[in-house]
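What follows is one structure encoded as structure tokens, with my remarks underneath.
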Amino acid sequence: MSVTVHEQHHPWPLRIAHWTQALAILIMIGSGWRIYNSVPIFPFRFPETFTLGGTIKHTLSHSNDPGVANAIAWHFAGMWLLGAAFLLYLLYGLLSGHFRRDLLPVGPKSFVRDFVAAATFRLPHTLGVYNAVQRAFYWGVVLSVTMMIASGLAIWKPVQFGWLTALFGGFQGARLVHFLFMSALVGFLVVHLALVALVPKTLVSMITGHVRETMQAPAE
Amino acid sequence: MTDFDPALRTALAKRQLLRGGLSLGALTFLTGCDVSDNEAVQRALHAISRWNDRVQAALFNPNRLAPEFDDRLAHYPFRYNAWYPEEKSPKLDVSTYRLALGGKIANKTPWTVEELHDLPQVTQITRHVCVEGWSMIGMWSGTPLRTFLERVGADTSRRYVGFECADGYYESLDMPSALHPQTLMAFQLANRPLPPRHGFPFKIRVATKLGFKNPKWITAIYVTDRNPSGFWPDRGYNWFSGS
């Protein structure tokens, strides 16, 4: 019998960046959904329970407003939290070598190989090692948050950052891009949470910073 | 700011900020804890909103113009928007209307509609953006507020310009936004006299602010150092709300 030990380390700056971003993204999605509901882009609204801004009946009777004021206040508070946490994550990832060491390379070949393996449930999970699909997902999140911030600035300041709004095809174009990357982040969240539920040890390491697992392999 | 029961309005207290059940929605749902009506949360959000006012004032470039559009893109008729239905909007009488001036203004003589219409006018085709997300391009013609303020001897070294409206609405602008070249006393929409439902005899068109910072049916303009706030800012919306 040979024994293999897999370990996962999450240094504290990474954990702070992770949990702060998680909180910020929940605030941004919850309040964003309430704002979206006041003038939907598509023919549907998000259920009030999942939005942030107060009970509509209550806010209407108090301030003649369906909680959009609250939602916007949350949104423009959450943006600072998200911006700070995202910046911390990027700086840490670049300076510590985390991006280079753990999230690169991610070529199309390895992605297809790991994706097929994952789709047929033949991709083993190794603590501390990110497969190509995971790597691609994390880069997708980095891209999505970047696009959310860029399109958000274009919506917030279509005059001061007029060039940015123009890049998104105008104000309504920026709104649409903001919605699409929100959808991408929600999609990621669903998959991310499902996988954490499958491999709960990853949650432990994101809280305590360290987890190890001992695998017993049959003797050769 | 869609149309809600106007009767509710009378029950409203002024300066009411971020009240109204901050039940934390998604967060509440996930954590099971209820922060509704948490005074500390409301105070924190309000403090951050005041901080955002300062950030926006710093970001505001008084020389940067809002994009202008081709006149074929200008909408007419234009979307009506208030917290009460269109038929309840004020219908001001040309013969009795007077624009009152107050605060740090040298010549406070009230203005008639005729006198206002004799002022020099410019035209802009800009995008009106509502805080709720809809937007519409319109063609507005009128007198730059700056021209008017200079003509009546307003002290433009003061911090704010306040507006009062015939429907009880009130709003205010920081002085740099009030002096911006695209901030107009708009007398016309799409080359027609401003329709009663859009604020006759004039509205303040601010191309660098959200829609609710564009008050209609103006009855008084005043200059002050004390922030007059606004109808929606007193209901939790960010005061600066610059674009």
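The values are calculated or read from the model by the stated rules, or taken from the named source; none is laboratory data. Remember, it's a predicted structure, so these values are computed and weren't measured experimentally. As a convention, Cβ positions derive from the backbone with ideal geometry for all residues, glycine included, and neighbour counts pool all protein chains shown. Only protein heavy atoms, including side chains, enter the accessible area calculation; ligands, DNA and RNA are left aside. Shrake-Rupley method; radii C 1.70, N 1.55, O 1.52, S 1.80 Å.
A few notes on this one:
- Exactly one residue out of A:176, A:143 is surrounded by fewer than 17 Cβ atoms within 10 Å (Cβ to Cβ) and within 30 Å of residue A:202 (Cβ to Cβ), and it is A:143.
- Here region B:198-243 is the region considered, the condition is being among the polar types (S, T, N, Q) and closer than 29 Å to residue A:53 by Cα, and the residue that is farthest from the other protein chains (Cβ to nearest Cβ) is B:227.
- Residues being buried (at least 19 other Cβ atoms within 10 Å of the Cβ) and in contact with a Leu (Cβ under 8 Å, 6 or more places away or on another chain) - total across region A:131-140: 3
- Flag for residue B:97 being of a type outside the set (Gly, Ala, Ser) and at pLDDT 95 or above: yes
- Comparison of A:71, A:77, A:85, A:22 shows that the only residue that is open to solvent by less than 40 Å² (accessible area, probe 1.4 Å), closer than 24 Å to residue A:189 by Cα, away from chain B (no Cβ under 14 Å) and among the aliphatic types (A, V, I, L, M) is A:85.
- Residue pairs meeting the criteria (Cβ under 6 Å; at least 6 apart or on separate chains; first under 18 Å from residue B:201 (Cα atoms), in region B:135-151; second among the basic types (Lys, Arg)): B:140/B:205
- Answer from B:65, B:101, B:92, B:119 - the residue that is in a loop (DSSP other than H, G, I, E, B), under 25 Å from residue B:153 (Cβ atoms) and not aromatic (Phe, Trp, Tyr): B:119
- Residue A:41 meets all of the listed conditions (1) surrounded by 21 or more Cβ atoms within 10 Å (Cβ to Cβ); (2) under 23 Å from the mean Cα position of the chain (by Cα) but one, namely (1).
- Only one of B:112, B:156, B:147, B:143 that is among the polar types (S, T, N, Q), surrounded by 15 or more Cβ atoms within 10 Å (Cβ to Cβ) and either touching a helix residue (DSSP H, G or I) at 6+ places or on another chain (Cβ under 7 Å) or within 14 Å of chain A (Cβ to nearest Cβ) (or both): B:156
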